[in-house]
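Working notes for the structure below.
The values are calculated or read from the model by the stated rules, or taken from the named source; none is laboratory data. All values reported here derive from a predicted model rather than from experimental measurement. Virtual Cβ from ideal backbone geometry, glycine too; neighbours counted across all protein chains shown. For accessibility, only protein heavy atoms count, side chains too; no ligands or nucleic acids. Shrake-Rupley method; radii C 1.70, N 1.55, O 1.52, S 1.80 Å.
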Number of protein chains: 2
Amino acid sequence: MLLDPYGVAVAVPHTYDRWAAARPGDNAATAMKSVVADPRCYDWEGDRPLRRPLVETVIYELHVRGFTRHPSSRVAPEKRGTYAGLIDKIPYLKELGVTAVEFLPVFQFDSQAAPKGFVNYWGYQPVSFFAPHHAYGSRTNALAALDEFRDMIKALHRAGLEVILDVVFNHTAEGDAGGPTLCWRGLANDSYYTLDRDRSRYADYTGCGNTLNANQPIVRRLIQDSLRYWVDHMHVDGFRFDLASILARDEKGHLLPNPPLLWDIESDPLLAGTKLIAEAWDAAGLYQVGSFVGDTWQEWNDHFRDDVRRFLRAENGSVRSVAARILGSPDIYGHEERTAEQSINFITCHDGFTLNDLVSYDRKHNEANGEGNRDGTADNLSWNCGVEGPSDDLTVEALRNRQVKNFFTVQLLAMGTPMLLMGDEARRTQRGNNNAYCHDSELSWFDWSLLERHGDIHRFVKALNAFRQRRDVVTEGQAQSLNSLLRRARVEWHGVELGRPDWSETSHSLAFTLRSLRGRFLFHGMFNAYWEPLTFDLPPLLAEQAWRRCIDTALDAPDDICPWHAASIVGQPRYAVQPQSVVLLALALDRTSE
Amino acid sequence: MLLDPYGVAVAVPHTYDRWAAARPGDNAATAMKSVVADPRCYDWEGDRPLRRPLVETVIYELHVRGFTRHPSSRVAPEKRGTYAGLIDKIPYLKELGVTAVEFLPVFQFDSQAAPKGFVNYWGYQPVSFFAPHHAYGSRTNALAALDEFRDMIKALHRAGLEVILDVVFNHTAEGDAGGPTLCWRGLANDSYYTLDRDRSRYADYTGCGNTLNANQPIVRRLIQDSLRYWVDHMHVDGFRFDLASILARDEKGHLLPNPPLLWDIESDPLLAGTKLIAEAWDAAGLYQVGSFVGDTWQEWNDHFRDDVRRFLRAENGSVRSVAARILGSPDIYGHEERTAEQSINFITCHDGFTLNDLVSYDRKHNEANGEGNRDGTADNLSWNCGVEGPSDDLTVEALRNRQVKNFFTVQLLAMGTPMLLMGDEARRTQRGNNNAYCHDSELSWFDWSLLERHGDIHRFVKALNAFRQRRDVVTEGQAQSLNSLLRRARVEWHGVELGRPDWSETSHSLAFTLRSLRGRFLFHGMFNAYWEPLTFDLPPLLAEQAWRRCIDTALDAPDDICPWHAASIVGQPRYAVQPQSVVLLALALDRTSE
């Protein structure tokens, strides 16, 4: 018994056993089953995908179950960790100021695809490209999950929030030759999968045991049909393609100069205007950040993650790079007519440290994953601020808090599309675990009680998002090429002295002045990642003008970030920026802006 | 002013001037215009594409206008040469015994795309991939043509006749750099067309001035959308792709091992079961007969045309090849799981001599085309039977008649899908012109009065078609691979002596015995392309059995071909086959077959 590759709902019996599914024999009793449903039978009440411009977008990456599963979520017990539970938290998301949620995989996956004794929590092990994950429904009925998913989408849209799905089209849950036969393998193994040269083994470009043969004509059609289904019938607003570079490989694994699948997606009228975000690399050496095929795709910019981390932990040789990251990475996206927003700027995501752990751990602590701490990346570019793990030292804690605010400030002020990670706004911790894919527990869930303890961070992020939506630096007007944007911004770089930026190897500071898109504001930003305070000269102003201090992460709330009307006037011609601090000053160039 | 590349109807003003369209300036008054129409507004009365199996198919290639334009058609004057006029001739087609009509291009084309003083009659100069050719409507209203086209399809389907369109997706009527700007060139020249390396000129792989960039993502989608439109909204049953090998080239003109467009077409669920016939070569050196991409495409088999012509004009070294052609070309299609029917067996088509001219001219006579007889192929493998052109010599005329019957016999008895050319059943002539694309005149129209003069040929073809549909050699049962078919047919080759076929260089004769698919008949065929009679031994039979003579092209009608019940018994153990004659004997192996 096999699943229908086009089935829109899946029922998983309690007796389902992944390991039994790998053995020959009658599997009728224990197999997952496709459930027939007519996807047209749903009252959308006029709902449509939102098509919000990227220039206005702030993405929030979340795990449907982890978001509300924790008892502290105050969601009704039967709805915790479900599509329905998420609806209860829409006001929270709205207040936070994000505009799109990006769900970790919600295609039906095999939660048993994990080492013995563990579960697959993240969901990157699909058994269907059409059915929403059944266990995220609050009821056991497979068809009810379908409706519940759509109720959630409809509710999010009503709140103006877009939905982006993290989609896994690079491999399936059927694993390697020893894995279970669930669907594709049993139908047409050598069509669906990329095989090694002698065709006796799976090519594994994904690190997951198999590789979907994405440009094979039937597979290519399947993937297109899936995407069209999720937009047409499920009203999602976009996709983040896991290991997207796999989709650029041919059936022998070679890189295609013009992969038919990627052009199919890019040129599909039904998909036009949806967000298409590539994780532009794979696990077998392809790396395409800045060079992913097509004109309109967005890319996860891992340079942003790494270079901002390096700069804020005061690594040598990091100033020039961080300058490029703040300006939308013109070194990567300054070619052709790319827009700044094609760079998805992230510091953290599900894979790796949370933001709290990034400033609390020098090393990963993955012992709970059962692999002797060998799994997960060792290259985290993190800094524990002096103590490994939780600390009662108030100085350490204050520094961590400041660093968290520094990260958020750089990320939400930089040109490009920011993506935040669920819970970072409350310093969610995974206790140093940077690969928590196999934990469906308090380790990976969002502990909502942290919002009280770290209310200043929560407030800071909300204020930053509000600032971002208000200012006209990046988010006003139509999308335009990064190059033209930078011409209009007229960026000037400074050091502690005006016009003399310190690009040297040992520099840990930088300042800039730039003009907003419509010319209504002048911004002056100062970054001090150094362990001593630095006093920066400020650009001189006319007599009737004055800088206002919008942000200074060295100050306690509520002075750390202020809305325009409450921002203090800066009278002096110089400003002392404290160690590990970021300051943003602003000047309104016309009265109406005040 | 440009045409909409997706427009479903085109209006051509009387003032349209192709040469004016090549000059800059306001073209509003003289341009062709797209007409908005909703293709869903038509009452199909339950009509559906017929999906007739290839094993039952006999194709008749015709020109919509040429078919009924001649006054002798007895179609009402206002309907002559139109879609409506064709409806009047459905009984004729039905009686002839063909099962599908293949129309020369009916996409709107530029009839001025021809040298000055001439018109483009054939229509291989498209200006639209969606609109039916307006001038084939009996009324001037562009939308009326749309309805009239569908009325014709519906009427053909009611008579059990399928419709195959000859589609030109390899170039357009925009010509070379000096050509008119009608549509694509004005929208996105370097996307729609393949350009030379320095991008200053069109690549010309078609001999028509430009080359459509068929695997470019937008163009690929356009072509798919066109095909889907003609099936979904116009109910056509299949396509013959002009210069189909162009569709296997990439944007630089290189051959793609897996052309996305061809796989898109082959794997499209909506196109599944439609006939997809490739002219598997192009004008720049690609030749893919027997190796066209995909599993299900059919191909024009030019080896069939050439080898049968060679054999019947008694060329040396032609016997081995003609044997392969009769058996479905196993040397070309004997690989993988190809079916015999993937070979489209033709002797003549619009391009080249008509069948009458093939047996009446040694050389082409294209003076009327205005190019000093330099156009058209010089390699016709024809034989004038002793006199160049029309002849009053009764011996010559009788030989030509016999040769015409020989060609029809070989073609309609061979394994594979036969395609006949309009009018060959009445010995239509183009007076030796083998490239009559530019003549919209009696030279190219079907002169229906020929049916009286050559009534014996007409009768012969009708009888052959009936015989083909009745026998169970090829046309009964499901499609199966050519290899398995040949195993079951148990073919034995003979010469004048049994079991001793003469494969020598100077041989001009061949005989064979084969068993029908269900084992109900034994057939014995004898071909004598030699200029002397040859007496063939017949396979010995049991005492109560007797061969019946179904065909002997040396005999006058009605003895040349006889239905089963009227076929004479052949008493002798040997049979004298006259010069340039074909004989077919049959034996029923069980009583019910008689």
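Listed values, structure above:
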read-out: B:D204, A:D237, reordered so the largest accessible area comes first (probe 1.4 Å); value: B:D204, A:D237
read-out: Rounded to 5, the percent of DSSP beta bridges in the protein assembly as shown classed as antiparallel; value: 60
read-out: Accessible surface ranking that places the most exposed of A:T377, B:T99 first, with a 1.4 angstrom probe; value: A:T377, B:T99
read-out: Signed unit charges on C-beta, dipole axis of segment A:286-355, positive-most listed residue A:F304, A:L355, A:S291; value: A:L355
read-out: Convex hull volume per residue for segment A:117-180, taking Cα atoms only, in Å³; value: 120
read-out: Rounded to the nearest 20 debye, dipole of segment A:419-549 from Cβ charges on Lys, Arg, Asp, Glu; value: 640
read-out: For the protein assembly as shown, size of Cβ-based charge dipole, Lys and Arg +1, Asp and Glu -1, in debye; value: 1060
read-out: Residues B:T535 and A:A29, FRET efficiency given R0 of 60 Å [Cβ-Cβ distance, rounded to 0.05]; value: 0.20
read-out: Selection from A:I457, A:S138, A:H439 lying farthest towards where the dipole of chain A points positive, charges on Cβ; value: A:I457
read-out: Förster radius 22 Å - calculated FRET efficiency between B:C41 and B:R158, Cβ distance, rounded to 0.05; value: 0.60
read-out: Which of A:L62, A:L413 is most accessible, then next, and so on - probe 1.4 Å; value: A:L413, A:L62
read-out: Positive-pole candidate from A:T206, A:V570, A:N384, dipole of chain A, charges at beta carbon; value: A:V570
read-out: Efficiency of FRET between B:R453 and B:L542 - r from beta-carbon atoms, R0 35 angstrom, step 0.05; value: 0.20
read-out: Over segment B:7-77, relative contact order from alpha-carbon pairs under 8 Å, at least 6 apart, %; value: 28
read-out: Bins of 10 Å from zero: percent of alpha-carbon pairs in segment A:417-462; value: 26, 49, 24, 0
read-out: Difference of contour (0.36 nm per residue) and Cα-Cα distance, B:L443 to B:N258; value: 62.4 nm
read-out: Mean accessible surface per residue for segment B:166-288, computed with a 1.4 Å probe while every protein chain stays in place, in Å²; value: 32
read-out: All-pairs Cα distance distribution in segment A:323-433, expressed in whole percent, bin size 10 Å; value: 14, 38, 31, 14, 3, 0
read-out: Rg followed by Dmax, in Å, when the protein assembly as shown is reduced to its Cα trace; value: 37.7, 127
read-out: Of A:K33/A:K94; A:K364/A:K405; B:K154/B:K462; A:K33/A:K154; A:K275/B:K33; A:K33/A:K116, pairs whose Cα-Cα distance is over 30 Å; value: A:K33/A:K94; A:K275/B:K33
read-out: A:V163 accessible area, 1.4 Å probe, all protein chains in place, Å² to nearest 10; value: 0
read-out: Computed P(r) (all Cα pairs; segment B:407-516; 10 Å bins; percent); value: 12, 29, 29, 22, 8, 0
read-out: Simple Cβ-charge dipole of chain B, Lys/Arg +1 and Asp/Glu -1, about Cα centre, in debye nearest 20; value: 780
read-out: Fully extended contour minus Cα-Cα distance, from B:A22 to B:E497, at 0.36 nm per residue; value: 164.3 nm
read-out: Area of A:D375 that stays accessible when all protein chains are in place (1.4 Å probe, Å², to 10); value: 10
read-out: Whole-angstrom gap from segment A:184-220 to segment B:174-240, using each part's C-alpha centre; value: 34
read-out: Pairwise centroid distance, computed over Cα atoms, of segment A:374-427 with segment A:556-580, Å; value: 22
read-out: Label geometry 7 Å along the beta-carbon vector: A:D151 inter-copy distances in nm; value: 5.5
read-out: Sulfur and carbon atoms: percent of accessible area, the protein assembly as shown [1.4 Å]; value: 50
read-out: Structure-based [θ]222 nm, chain A - -39500 (n - 2.57) summed over DSSP H runs of at least 4, per residue, nearest 500; value: -7000 deg cm²/dmol
read-out: Rounded to 5, the percent of DSSP beta bridges in chain B classed as antiparallel; value: 60
read-out: Size of chain A as Cα extents on the principal axes (Å, biggest first); value: 84, 51, 51
read-out: Whole-Å distance, taken between Cα centres, linking segment A:244-318 and segment B:103-135; value: 45
read-out: Across the identical copies, how the A:L2 labels are spaced - nm, sorted shortest first, 7 Å along Cα→Cβ; value: 4.5
read-out: Å³ per residue enclosed by the Cα convex hull of segment B:368-425; value: 137
read-out: A:T395 accessible area, 1.4 Å probe, all protein chains in place, Å² to nearest 10; value: 100
read-out: Closest approach to the axis - chain A beta-carbon, rotation onto B, Å; value: A:P260, 2
